[in-house]
1. Calculate, axis by axis, the spread of Cα positions in the stretch 12-123 along the three principal axes, and write the results as whole Å, longest axis first.
2. So what is the orientation-averaged projected area of the stretch 48-113, using the convex hull of its C-alpha atoms, in nm²?
3. Output the direction-averaged projected area (hull surface divided by four) of the convex hull of the alpha-carbon atoms of the chain, in nm².
4. Expected output is a single nm value to one decimal: the length gained when fully extending between residue 58 and residue 134, i.e. 0.36 nm times separation in residues minus the C-alpha distance. What is it?
5. Over the stretch 63-154, one equal point on each Cα, no solvent: what is log10 I(q)/I(0) by the Debye formula at q = 0.12 Å⁻¹?
6. Based on the Cβ-Cβ distance of residue 223 and residue 88, what FRET efficiency does E = 1/(1 + (r/R0)^6) give at R0 = 35 Å, to the nearest 0.05?
7. Which FRET efficiency value, to the nearest 0.05, do you get for residue 230 and residue 78 by plugging their Cβ-Cβ distance into 1/(1 + (r/R0)^6) with R0 = 25 Å?
8. For a Förster distance of 30 Å, can you work out the FRET efficiency between the beta-carbons of residue 170 and residue 150, rounded to the nearest 0.05?
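Bear in mind that the values in this text are calculations on the coordinates, not laboratory data. Since we're looking at a predicted model, the values are computed, not measured. Here the Cβ is made from the backbone with ideal geometry for all residues, glycine too, and neighbour counts use every protein chain on show.
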Ligand SMILES: *Cc1c(COP(=O)(O)O)cnc(C)c1O
């Protein structure tokens, strides 16, 4: 059994001590609770503890949880999509999410904008950048980011707000800092042209301290809050 309330207190303590050591105000780092594969009940526990930002990776599973929670009155959760995006799932993502962090190609941007329901505000998006330089990894190459932002920013139902990156799973401290610093440098450079590009989503359970030291504005934490994930084949 996971004690979600205790886990959350520990995560918040870790975030605030990271902020203190890097001279940052704790209010500048948002906690996204990554609830993929986890049951509704766990989301409700984190909600009761005061959390409002939740991240999901599987479009259909997420759409069901979001609809169910809304029907029970949980209307003020901000839902972030952080998983790989298949083009046949964009409709569910456009209809249910507030923010998409894993945008990495224009075809998907176009579909999300086309499919965003008229009664909803523009979908906020972040561009996922491949900062781990692994071939099979999600995210576009650093040199493709500007063009994708340019093409996305003219779409009527999308609003580009930042960049997201995932570091290599067994990267050491030096490599983590290199990856995170390169994402921050890219955001800093592009925000001269795109002033709405303020968000820097980087840092997970393993590497949140390094990410905060490098300027992360949002850490995406799953297992430290909800426990290890089990995947059923
Ligand atoms: C699953 C996932 C996370 C959370 O990972 P933990 O190691 O459980 O904290 C964060 N970001 C992305 C993109 C993920 O897919």
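1. 43, 33, 26
2. Working: hull surface 17.4 nm².
Here the figure is 4.3 nm², rounded to one decimal.
3. 12.7 nm²
4. Details: separation 76, 0.36 × 76 = 27.36 nm, distance 2.17 nm.
Full-extension gain reported as 25.2 nm.
5. Values returned for q = 0.12 Å⁻¹ are -0.39.
6. Numbers: r = 29 Å, r/R0 = 0.82.
With a Förster radius of 35 Å, E is 0.75.
7. Details: r = 26 Å, r/R0 = 1.04.
About 0.45, to the nearest 0.05.
8. Details: r = 34 Å, r/R0 = 1.15.
Efficiency for this residue pair is about 0.30.
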